[in-house]
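Enquirer: Let me begin by handing over the structure; questions about it come next.
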Number of protein chains: 2
Amino acid sequence: MANHRVLILGGGFGGLYAAQALKHAPVEVTLIDKRNFHLFQPLLYQVATGSLSPGEIAAPLRSVLSRQKNTNVLLGEIVDIDPAAKRVMLKDGAAVEYDSLIVSTGSQSAYFGHNDWRVWAPSLKSVEEATMIRHKILLAFEAAERTSHPEERRAWLTFLIVGAGATGVELAGALGEIARHTLKHDFRSINPADARILVLDSGKRVLGTYPEDLSRKAERSLLKLGARVRTGVMVTCVDADGVIVKTGSGEERIRSHTVIWAAGVAVSDFGRQLVKRTGAETDKSGRIKVRPDLTIADYPEIFVVGDLAYALSGDGKPLPGVAQVAMQGGGYAAKAIVQRIEGKRDIKPFHYFDKGDLAVIGRAAAVANVFGVHLSGFIAWLVWLFIHLMYIVEFQSRVLVFIEWGFLFVTFNRGARLITGTAAERSVDPT
Amino acid sequence: MANHRVLILGGGFGGLYAAQALKHAPVEVTLIDKRNFHLFQPLLYQVATGSLSPGEIAAPLRSVLSRQKNTNVLLGEIVDIDPAAKRVMLKDGAAVEYDSLIVSTGSQSAYFGHNDWRVWAPSLKSVEEATMIRHKILLAFEAAERTSHPEERRAWLTFLIVGAGATGVELAGALGEIARHTLKHDFRSINPADARILVLDSGKRVLGTYPEDLSRKAERSLLKLGARVRTGVMVTCVDADGVIVKTGSGEERIRSHTVIWAAGVAVSDFGRQLVKRTGAETDKSGRIKVRPDLTIADYPEIFVVGDLAYALSGDGKPLPGVAQVAMQGGGYAAKAIVQRIEGKRDIKPFHYFDKGDLAVIGRAAAVANVFGVHLSGFIAWLVWLFIHLMYIVEFQSRVLVFIEWGFLFVTFNRGARLITGTAAERSVDPT
């Protein structure tokens, strides 16, 4: 008898954890991703701010799964699916069949329908974007140093972050540290600490999904690093000159050459294709409404996990798009597939075990809500450090990141401050 | 009295060491580079083969020189010089004046007059090229895994390195290790150890500038790692399908999709401009013939150091284009400038202190010629390790690289095996 074929789409948290959970299962696993590595996305903002190199938060998928003999890794881009024939199609024309499918293709950034903003305001979704943001930040300081025009200098030293969720807050904190500490002695004409860092959000407070006391503490920590939060403002335009925001009292232009997008997300392109082929229901941001066992209606062999899934927690609230949800979802799907093969009938629905929320704001400061306990400051930072290190996939990366952070903590220096690629080849034009 | 203005062009070994040697001098130093970082070029092949991340072998120039108050770092590309007016021109239109000039703009790779080969055979001169080579190598294994066509598989698993100098030998050794050890368990259809690694050179032996016994030992070490050397062959064509070589007995095509260029070098673009403006004499590869004090004839205030200079050693032989020569040259120029300011008359000519040569061939194997003593194997590797670590500029990088190598040594794993950028976005097409 041929083995049951499990196909996993996407090597993020959901896909990788599903694959690992199937290590000893009597199945043939194929994992397809268009990248050859798993990315530890929660630390991507540290690549963008020059603390870590991309290699330190990524692990080659083949390497992670190399000793798992029932698993095959395929580098390729999935473009379509035929759910009746149980088959997905790759961009290069190849087709892969499955008996069970786990879709974990994640999300991408969305610009409220203004995709033209992307060119001015990169988001933090890929290694390439993180590197580009790093270049933008460093080049802005260089340009400020070069220009003698006070207004231009101010525009170069203004950093705007759109979105005050965890990513926006973490970015703002790291930027504040760069300006206040890391670059302290590096320039001759400017004082990097003059940098103006603004976090813009249309909501009422930062970290809107956290308890209110932690939001307040996060905002205070940001202020200490020179990063100001402006809530209740709606970004209505992003261009070469900065942004236009709508406030309670009218419109306002904020001049800046460095805008970073940390706001909306949308589902992956393949996610949309899957909806088209299966007729699955979605929420308004395009996430697929799954059944309590994370499968799509009418297709019990298709599991959707992670950011692409719209799943409900025990108390009826939609689960957030965080790593924990994806990991637990991937593990659940793997287990459910094995139980079905074993002939088990009453498979329990997916239950998300919420361990809490964590956001770090610069050096030795964080806010955390762990099992309902609210922590802040150094303690929260230690918790954050511990949890994140534990989850970094490869042993080597874990130790290196730890050491690099140790240095960073002591020295405020950031080792990965390179400007590479085409942006570096054009010389800085501060006009 | 205004301070004497020293302008340094290029932040490589020559320029950086010149700047550091001027730390306590009564001069105003400006260092201009088009990149914001100093690159530890001798380890670039480790970035190309996935052992190190770019951030680990680079140090931001501003950070290295931040505490040096008499020194200003400028990010910009120099395009021209007016030696009569003592002024250089930047791409963005700015001009910078000097009293003394140290030119250390280095070399670039040359393709024997066939610049169209560059697209098929990247060289190892910049971080971008190193990253691109890494992508090519990793994607070749991916493509070999995907294709079912034996001849195509063989072409994907054939890696050609043109040039058997230190760079070529080190690359071949690292590639051999990847194929034999690092990727050992990662694939299901291919055996990475089947990879064919060929080093092509028109000379008689590998490491032509080393003593003959070390050449033989290097070749033997390479063979152990599955890398074969073919000397006496001239590459006459490089294209999408591999290379054509001319041997003693005729022409031969070697099919490969991964060709790496480690052969000729030419001077930088600014170097050519400098020759045009000063009428300086050059050797046949364009290097500027300098006087015994490293200045250009008729321009005693212009020093040329590093790869751009054609300087002679005590016994009349031209000095090689290695880091040591550039560092010592930069230090000499700085000292000479200070002595002139102090009114000293009989400034000694530049004397190169040759500490020897070193090339590493994979794990715990190297060849070295240290003060005339020939070393090989593990001992030579330890010497190499020690010397290289000592020269890595930043403390942080030094420790990290050391630890990363420790892991690599124990585990054969390579942490920086990422395929990023556009090459990663196109899916692998093994046809």
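Enquirer: What list of ³J(HN,Hα) values in whole Hz, one per residue of segment B:179-189 in order, does the Karplus curve 6.51 cos²θ - 1.76 cosθ + 1.60 (θ = phi - 60°) give from phi, with Gly and Pro shown as x?
Expert: Result, rounded to whole Hz: 5, 7, 10, 4, 8, 2, 9, 7, 10, 10, 9.
Enquirer: So, one more: Sort A:SER51, A:SER123 so that the residue with the fewest other Cβ atoms within 10 Å of its own Cβ comes first and the one with the most comes last.
Expert: Numbers: A:SER51 26, A:SER123 23.
In order of increasing Cβ crowding within 10 Å: A:SER123, A:SER51.
Enquirer: When each copy gets a label point 7 Å from Cα toward the beta-carbon at A:ASN3, what are the spacings between them in nm, shortest first?
Expert: Label-point separations across copies, in nm and ascending: 6.9.
Enquirer: Which residue fluctuates the most in chain B, going by a Gaussian network model with Cα springs under 10 Å, if the choices are B:ARG134, B:ARG272, B:ARG340?
Expert: Result: B:ARG340 has the largest fluctuation of those listed.
Enquirer: What does the copy distance list look like for B:GLY377, label position 7 Å along Cα→Cβ, in nm and ordered from shortest?
Expert: Here the equivalent label points are 6.0 nm apart from this one.
Enquirer: Residue by residue through segment B:348-358, what is 3J(HN,Hα) from phi via Karplus (6.51 cos²θ - 1.76 cosθ + 1.60, θ = phi - 60°)? Round to whole Hz and write x for glycine and proline.
Expert: Each residue's phi maps through the Karplus curve to give 5, x, 5, 10, 7, 9, 7, 8, x, 10, 8 Hz.
Enquirer: Quick check: the distance between the Cα centres of segment B:216-266 and segment A:227-251, to the nearest angstrom?
Expert: Cα centroid of segment B:216-266 versus Cα centroid of segment A:227-251: 59 Å apart.
Enquirer: Can you grab the distance from the C-alpha centre of segment B:316-348 to the C-alpha centre of segment A:330-355, Å, no decimals?
Expert: 72 Å
Enquirer: In sequence order, what are the phi-derived ³J(HN,Hα) couplings for segment B:26-36 according to the Karplus relation 6.51 cos²θ - 1.76 cosθ + 1.60 with θ = phi - 60°, rounded to whole Hz, with x for glycine and proline?
Expert: Calculated HN-Hα couplings, in order: x, 9, 9, 9, 10, 10, 10, 9, 7, 9, 8 Hz.
Enquirer: Then there is this: Among the DSSP beta bridges whose two residues both lie in the protein assembly as shown, what percent are antiparallel, rounded to the nearest 5? Working shown, then result.
Expert: Working: 76 of 146 bridges.
Roughly 50 percent of the beta bridges in the protein assembly as shown run antiparallel, per DSSP.
Enquirer: If amide H atoms are built 1.01 Å from N in the plane of the peptide, which residues on other chains or at least 5 residues away come under 5 Å of the amide H of A:HIS38?
Expert: The list, which skips near neighbours in sequence, is A:ALA59, A:LEU61.
Enquirer: Still on this structure: For a quick check: with amide H placed at 1.01 Å from N, whose amide H comes under 5 Å from B:ARG5's, ignoring anything fewer than 5 positions away on the same chain?
Expert: For B:ARG5, the qualifying residues are B:GLU28, B:ASP99, B:SER100.
Enquirer: If you don't mind, another one. If each residue's Cβ is checked for other Cβ atoms within 10 Å, how do B:THR231, A:THR236, B:THR105 rank with the fewest at the top?
Expert: The most exposed by this proxy come first: A:THR236, B:THR231, B:THR105.
Enquirer: Residues with amide H under 5 Å of A:GLY242's amide H, sequence separation 5 or more or different chain, H placed in the peptide plane at 1.01 Å from N; which?
Expert: The answer is A:SER256.
Enquirer: Anything over 22 Å Cα to Cα? Flag those among B:LYS23/B:LYS335; B:LYS276/B:LYS348; B:LYS136/B:LYS217; B:LYS34/B:LYS86; B:LYS23/B:LYS125; B:LYS125/B:LYS204, in the order listed.
Expert: Those over the limit are B:LYS276/B:LYS348; B:LYS136/B:LYS217; B:LYS23/B:LYS125; B:LYS125/B:LYS204.
Enquirer: I've got another one for you. When chain A is treated as a GNM, springs tying every alpha-carbon pair under 10 Å, which of A:ALA309, A:ALA85, A:ALA164 comes out with the largest mean-square fluctuation?
Expert: Per the Cα network of chain A with a 10 Å cutoff, A:ALA85 tops the list.
Enquirer: If you rank B:PHE37, B:PHE353, A:PHE13, A:PHE112 by fewest surrounding Cβ atoms within 10 Å, what's the result?
Expert: Going from least to most buried by this count: B:PHE353, A:PHE112, B:PHE37, A:PHE13.
Enquirer: Moving to a separate point now. Nearest beta-carbon of A to the rotation axis carrying it onto B: which residue, how many whole Å?
Expert: A:SER53, 2
Enquirer: May I ask for the net charge around B:ASP298, where only other residues with Cβ less than 15 Å from the Cβ of B:ASP298 are counted and Lys, Arg are +1 while Asp, Glu are -1?
Expert: Net local charge, B:ASP298 excluded: +1.
Enquirer: What are the GluC sites (Glu not before Pro) within segment A:160-229 that DSSP puts in a loop, where the Cβ has at most 14 other Cβ atoms within 10 Å?
Expert: none
Enquirer: Based solely on its DSSP helices, what 222 nm [θ] is calculated for chain A when runs of n ≥ 4 H residues each add -39,500 (n - 2.57) and the sum is averaged over all residues, nearest 500 deg cm²/dmol?
Expert: When only DSSP H runs of four or more count, the value is -9500 deg cm²/dmol.
Enquirer: Tell me the distances, shortest first, between B:GLU212 and the same position across the other copies, using label points 7 Å along Cα→Cβ, in nm to one decimal.
Expert: 8.8
Read the figures in this text as sums done on the coordinates, not as results from a lab. None of the values given here were measured: they were computed from a predicted structure. Positions of Cβ are generated from backbone atoms using ideal geometry, with glycine treated the same way; all protein chains shown enter the neighbour counts.
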